[in-house]
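See below for the structure under consideration.
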């Protein structure tokens, strides 16, 4: 009796969360399939009356959107790769070495992560213009890295701490240099952590808006979230809702693909069997 | 293959704790050397200094003719089996074994040949493609050994390799290790806290306490001629009985009676007042089972508990000890990681003995096998030095005393931390 009640409760909760999370997504998808006459009709119905892929064609033909998509990919990828490499090395040092100021480094990293992005926009804008990296890829990559590194370092150092030190010592006795032990034993074992850090970093860079709109001025470096705000259409009282929704759907697709790809790599308990147990 | 010469090695940790105090051990080429002692005696630290995972504070570590103090582990050409095996979980068994060869840049053919040889020796053939996570404890243990034997290492080092296995497997693996070592004839240093492993595996055994070498001898020498109270109590299971004793001429008065000792045994023990006599359980016998029990060496005592095991039986006989001896015995128990509460004799009887619990029984004791210890220094007064291997305090009492002083500092470090 109790069991069935529990089951029903679980399913009700499950459905509630599912609807709560997916309703906006479904709504955006349905909107992306509506033509301009439908979205302009005041109070449109939930499902499209007359589904059309017109919006998709339009937006993919838009050179500004294509450029911003390339910018988004490039900037996010480079920021992720650099950030993860740096974070891996830093986290390894933090997990393994005893050095003065370790706590300072860690708390400083946390402080940076908590620093409000908006407060940095003004100074960065001035600085970037002075040194000439305003409206360039590198101008966005640098702040993205500094905001994602702390999280990546914290995640990774937690993973490194979990790896038994004996692994590395065994490798050294087996004839590995410190670098070989790190590359052939420690990094593969920390792979779930590396992928987690990579995904988090990529998401941040991919979704970031404030810096992207403030530190860019042309489609040479503007990323998709920033570019979307320029989709105003010919009439300011009648924004192209259908196209905005379509763009949103399109930028979500890579994220879903990446999560599905990396999900298989994030296998918890990879270290099981390393030691007794 | 090479000899390992440990010369006056000292290890002090960063907090000032002295883990190893002036230890010298010469491991011969091809010898199976055991480092044994209770937890915290510095045996693992010493092993890690041999392999290079721990810095040496002072002294010389010689492998072959080379001083290796400042060499990195990879340059020492030693193979080590860790307590928790330290297998690489992301690699298959095959790649785990091949790992040292791949690092050395061996060709694929050579790797394959050597890995297959090793896996055949260790009967791992059908597991080569599996990951360590899917193996049982004994199989993991064999993979760890495989990784050690594929290389032509100068020596094998084992750090308590059997402590994670269950009792039955431990026995099997013990024999396996002994067989492998004899076949390969390779110098081996093996760390354990288990005296059975030490006795069965070792060509020679080094007994350590608080980072100080107590005795270095063959298992037989350790058993029959322990250098001091600690070694006597550590080696042997069930452990040696310690009872208060007073020597008068050649007769020794103990709580349960007086026995006559051979004159050469008591020569060093004259006029020392209260001593501690050490008698191994098997040197007692039920007098009614023993046909030719000579007179003068039997006593009557009330048996408290009897544990009958078939081939033999253990009888427990409680006795009262004077406070000064009691204190020494409690201290010894603490050093041996034990927690024996009461003073009692453990007597090993023939399986045919009919002594039952609560009986007042006639027990015979083999007086020629009794050892006498000085309760203040712990020194064995009846030791036959020609058959006791190396006892540091006999060779150089001053050096041993200095080492013990260093170990005392360690206790101060720890008690300071607690305060």
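Along each principal axis, taking the top coordinate minus the bottom one, the Cα set of region B:238-383 gives 39, 35, 22 Å in descending order. Which percentage, to the nearest 5, of the DSSP beta bridges contained in chain B is antiparallel? Within chain B, antiparallel bridges account for around 75 percent of the total. Between the alpha-carbon centres of region B:134-162 and region A:74-134 there is a gap of 43 Å.
In which sequence would B:94, B:314 go, from the one with the fewest C-beta neighbours within 10 Å to the one with the most? It would help to have the intermediate numbers written out before the result.
Working: B:94 20, B:314 15.
Least crowded to most crowded, the residues run B:314, B:94.
Size estimate for region B:316-362 follows the Kirkwood approach: the inverse of mean 1/r over distinct Cα pairs works out to 12.7 Å.
Compute the separation of the alpha-carbon centres of region B:4-44 and region B:247-326 and state it in Å as a whole number. Going from one Cα centre to the other spans 36 Å.
Shape class for chain B, computed from the alpha carbon gyration tensor (a ≥ b ≥ c): prolate, with a/c not under 1.5 and a/b above b/c. What is the helix-to-structure angle for A:118-131, meaning the angle in degrees between its Cα long axis and the longest Cα principal axis of chain A, kept from 0 to 90 and rounded to the nearest 10? So the helix axis and the longest Cα principal axis differ by about 80 degrees.
Just the Kirkwood number for region A:73-116, please: inverse of mean 1/r across all distinct Cα pairs, in Å, one decimal.
Working: mean 1/r = 0.0842 Å⁻¹.
It is 11.9 Å.
Running a GNM on chain A with Cα contacts under 10 Å, which residue among A:28, A:253, A:70 ends up with the highest mean-square fluctuation? Its mean-square fluctuation being the largest, the pick is A:253.
Ordering A:160, A:203, A:230 from the fewest to the most neighbouring beta carbons within 10 Å gives A:230, A:203, A:160. Calculate how steeply helix B:397-418 sits against the longest principal axis of the alpha-carbon atoms of chain B, using the helix alpha-carbon long axis, and give the answer as 0 to 90 degrees to the nearest 10. Approximately 80 degrees, to the nearest 10.
With Kirkwood's inverse mean 1/r over C-alpha pairs for Rh, give me the Rg to Rh ratio of region B:148-295, two decimals please. Spell out each step's value before the answer.
On the way: Rg = 19.9 Å, Rh = 18.3 Å.
The Rg/Rh ratio comes out at 1.08.
Bridge orientation summary for the protein assembly as shown: considering DSSP beta bridges with both residues in this region, about 75 percent are antiparallel. Shape summary: region B:311-419 maps onto an equivalent ellipsoid whose semi-axes, from the alpha-carbon gyration tensor, are 34, 21, 12 Å in decreasing order. Kindly identify region A:138-238 as rounded, prolate or oblate by the Cα gyration tensor criterion: order the square roots of the eigenvalues as a ≥ b ≥ c, call it rounded if a/c is under 1.5, otherwise compare a/b with b/c, prolate if a/b is larger, else oblate. Judged from the Cα gyration tensor, region A:138-238 comes out prolate (a/c at least 1.5, a/b above b/c). What separates the Cα centres of region A:1-44 and region A:230-261 is a distance of 19 Å.
Note the direction-averaged projected area, equal to a quarter of the hull surface, for the Cα convex hull of chain A, in nm². Let's see the in-between values first.
On the way: hull surface 88.5 nm².
Result: 22.1 nm².
At q = 0.18 Å⁻¹ the log10 of I(q)/I(0) for region A:207-253 amounts to -0.58, computed by Debye summation with a single uniform scatterer per C-alpha, solvent ignored.
Quick check: convex hull of the Cα atoms in the protein assembly as shown, volume per residue, rounded to a whole Å³? All intermediate terms of the calculation are to be shown ahead of the outcome.
Details: hull volume 183.6 nm³, N = 696.
Residue-normalised Cα hull volume stands at 264 Å³.
Roughly how tilted is helix A:191-207, in degrees to the nearest 10 and between 0 and 90, from the longest Cα axis of chain A? With both axes taken from Cα atoms, the answer is about 30 degrees.
From least to most packed, judged by other beta carbons within 10 angstrom and beginning with the fewest, A:98, B:31, B:357, B:333 follow the order A:98, B:357, B:333, B:31.
Coordinate-derived values only; no laboratory data. Model, not experiment: these values are computed from the prediction. Methodologically, a virtual Cβ is constructed for each residue, glycine included, from the backbone with ideal geometry; neighbour enumeration extends over all protein chains shown.
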